[in-house]
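Values in this text are rule-based calculations from the coordinates and carry no lab data. Keep in mind that what you see is a predicted model, and the values were worked out from it rather than measured. Here the Cβ is made from the backbone with ideal geometry for all residues, glycine too, and neighbour counts use every protein chain on show.
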Amino acid sequence: MKPWILGLTGGIGSGKSAVAKHFSELGVHMVDADHAARWVVEPGRPALEKIAQHFGPRILQVNGQLDRAALREEIFRNPEQRRWLEALLHPLISEEISQYLAKAESPYAILVSPLLIESGQHQLAQRILLVDTPEQLQIQRTVARDQVSEQQVQAILQAQASREQRLRMAHDILLNDRDLGWLQNEVQRLHDFYLNLRGGQP
């Protein structure tokens, strides 16, 4: 039987990666949307060629790799350019993700994506698990982990789907506000539940 797909998401600093790691240790096939987003713009891939044609050679590094900082600057200054880039990349990223998910041999597979809701990638999943964390804790964790200011974290939170939007879309919610041992137990509990689902539905 074809594995069903669980979309795993959560805001910055929610502990999404720790949850993904536990599922992976339980043998669940995992695809990371961030990795797919990097693969589609590798040198030699059609997307990079189109981006270079559109923005000009200044967004390429000397070695032919994408200069992410230069591209970020272009699209933050100009929302229309950002929309152009998203229209090019989102379908390619979804295609890449689908190919990797198709290789899954576990009863269900997980698509880890911080922008699952915003990018439309939730349409690839039959069920959504949200790692939810109180905002103050998200900020504390991210400041400690990335050595950035609270203002920067606030700006990232503004750009991501709101907590309310995510809670509305989620089938399952894992409130990650305790220690790692507790988190592991919760993942095990969800895993046991997911193994008994057909196509992601009870």
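Descriptive notes on the structure:
- Selection from Q61, G27, M1 lying farthest towards where the dipole of the chain points positive, charges on Cβ: M1
- Lysine pairs in the chain whose alpha-carbon atoms fall under 24 angstrom of each other, counting only those eight or more residues apart or on distinct chains, come to 4.
- With 0.36 nm allotted per residue and the present C-alpha distance subtracted, the E164-A70 stretch has 30.6 nm of extension available.
- Most mobile listed residue (A87, A161, A18) in the chain, GNM with C-alpha springs under 10 Å: A87
- Amide H contacts of I128 (H built 1.01 Å from N, in plane; Pro and chain starts excluded): G7, H171, D172 sit under 5 Å, all sequence-distant by 5 or more or on other chains.
- 3J(HN,Hα) couplings calculated from phi for region 138-152 with the Karplus curve 6.51 cos²θ - 1.76 cosθ + 1.60 (θ = phi - 60°) are, in sequence order, 4, 5, 4, 4, 5, 4, 5, 6, 9, 6, 10, 7, 4, 4, 4 Hz; Gly and Pro show x.
- Total formal charge among the other residues, if their Cβ is under 13 angstrom from that of M1, Lys/Arg +1 and Asp/Glu -1: +1
- Most tightly packed first, judged by the mean number of other beta-carbon atoms within 10 Å of their residues, the peptides 176-186, 26-36, 103-113 read 103-113, 26-36, 176-186.
- Taking other Cβ atoms within 10 Å as a rough exposure proxy, I117, I12 sort from fewest to most as I12, I117.
- Long-range HN-HN contacts of M30 with modeled amide H, under 5 Å: I110
- Translational diffusion of region 4-195, µm² s⁻¹ [Kirkwood Rh, Cα pairs; Stokes-Einstein; 10 °C; 1.306 mPa s]: 89 µm²/s
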